[in-house]
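First the structure, in the form of structure tokens, and then the observations on it.
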């Protein structure tokens, strides 16, 4: 097996969907090829599931520098997780701006309360 | 747990607040009017972010003030008046939200990403397009995001609103809802993931 062959079946290998012969061939290549061996180690450091599970800690900056480095290495090689993380970040931003009105100041400090509401509140006090 | 300082509190003055409290306790009508006029705009903005209907938001603010008036004798300035009112308003809005049966809620489990036995994404996530910056498209997207947030199960919608939109700290959200901080943290993450799934068909790129 060459490097191209390794990458072609890596995903199936990780999912346990390769034949015994393919498995032996892949492991043989990894043990002999320096580049693929390094890549293989990284690919196994953390799974996509694990990365996704702790993604909030990663995005919100709550991971230790060591743990963060593990996430960063995974994201360097895994385009699927890279896309997921980008979409997750965009989702947070879209959520944050879902209720902001670009025509109004962010903090409605100078907003005037509806007069009818002020009257109703003051009237409710008299009734209590 | 103290709420973050908000711009509206910049003019806060302990002596003035103590004087206002004394007048409120004495039943001074003008003091009540000052309190209501000063705080209603900000509290209404808080309620509007939790409740989608304007009538409900105004009702929640009114109910919050009525509760506050009743509890005034028990308030001894442990927190700022504005912080105290903010907390009461959030609770009133959440109670009103609970009383509204919302339609079209989705099952959170069906919105979570799925993984194979090797821990890979079963369905590869799509690359998202950069959200449009043109005014009309941005407004359309904003509407889409609001409708999607409305589809989240209530427990998840509430934490997302309080944590990411009202920007309360995890601890504060936990206090409001009477759950642990860890439960809030997990729910926020799941709510974001679910919202991402709901937005995906609209934002995925052409190569997906």
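Brief remarks on what is shown
- Taking A:46, A:112, B:186 and counting other C-beta atoms within 10 Å, the order from fewest to most: A:112, B:186, A:46
- Which of B:78, A:80 has the fewest Cβ neighbours within 10 Å, and the rest in rising order: B:78, A:80
- Among B:67, A:64, the order by Cβ neighbours within 10 angstrom, fewest to most, reads A:64, B:67.
- Computed helical MRE - 222 nm, chain A, DSSP H runs ≥ 4 contributing -39500 (n - 2.57), nearest 500: -22500 deg cm²/dmol
- A simple spin-label model places pseudo-atoms 7 Å from Cα toward Cβ; at residue B:175 and residue B:28 they are separated by 2.9 nm.
- Largest first, the three principal axis extents of the alpha carbons in chain A are 84, 27, 26 Å in whole numbers.
- Classified by the C-alpha gyration tensor, segment B:108-208 has an oblate form. Its axis ratio a/c, with a ≥ b ≥ c, is 1.5 or above, and a/b does not exceed b/c.
- Scattering curve values for the protein assembly as shown, log₁₀ I(q)/I(0), Debye with Cα scatterers, q = 0.08, 0.11, 0.14, 0.15 Å⁻¹: -0.51, -0.81, -1.13, -1.24
- Highest-MSF residue in chain B out of B:193, B:58, B:142 [GNM, Cα springs under 10 Å]: B:142
- Helix B:54-71 axis, angle to chain B major axis (alpha carbon atoms, nearest 10°): 40 degrees
- Binned Cα-Cα distances of segment A:1-55, short to long, each 10 Å bin given as a whole percent: 23, 52, 21, 4
- Computed over chain A: relative contact order in percent, which uses C-alpha pairs under 8 Å that are six or more apart: 15 percent
- The ellipsoid that matches the Cα gyration tensor of chain B has semi-axes, each √(5λ) in whole angstrom, of 40, 18, 15, with the longest given first.
- Inter-probe distance in nm under a simple model that places probes 7 Å from Cα toward Cβ, at residue A:76 and residue B:122: 3.2 nm
- For segment B:45-89: rounded, prolate or oblate by the Cα gyration tensor [a/c cutoff 1.5]: oblate
- Computed [θ] at 222 nm, deg cm²/dmol, chain B (DSSP H ≥ 4; -39,500 (n - 2.57); rounded to nearest 500): -20000 deg cm²/dmol
- Judged by the gyration tensor of its Cα atoms, with axes a ≥ b ≥ c, segment B:24-135 is prolate; a/c meets the 1.5 cut and a/b is the larger of a/b and b/c.
Taken together, the values in this text are just the output of simple stated rules run on the coordinates, not laboratory data. Note that the structure is a prediction, hence the values are computed from the model and not measured. FYI the Cβ positions are ideal-geometry reconstructions off the backbone, even for glycines, and counts take in every protein chain you see.
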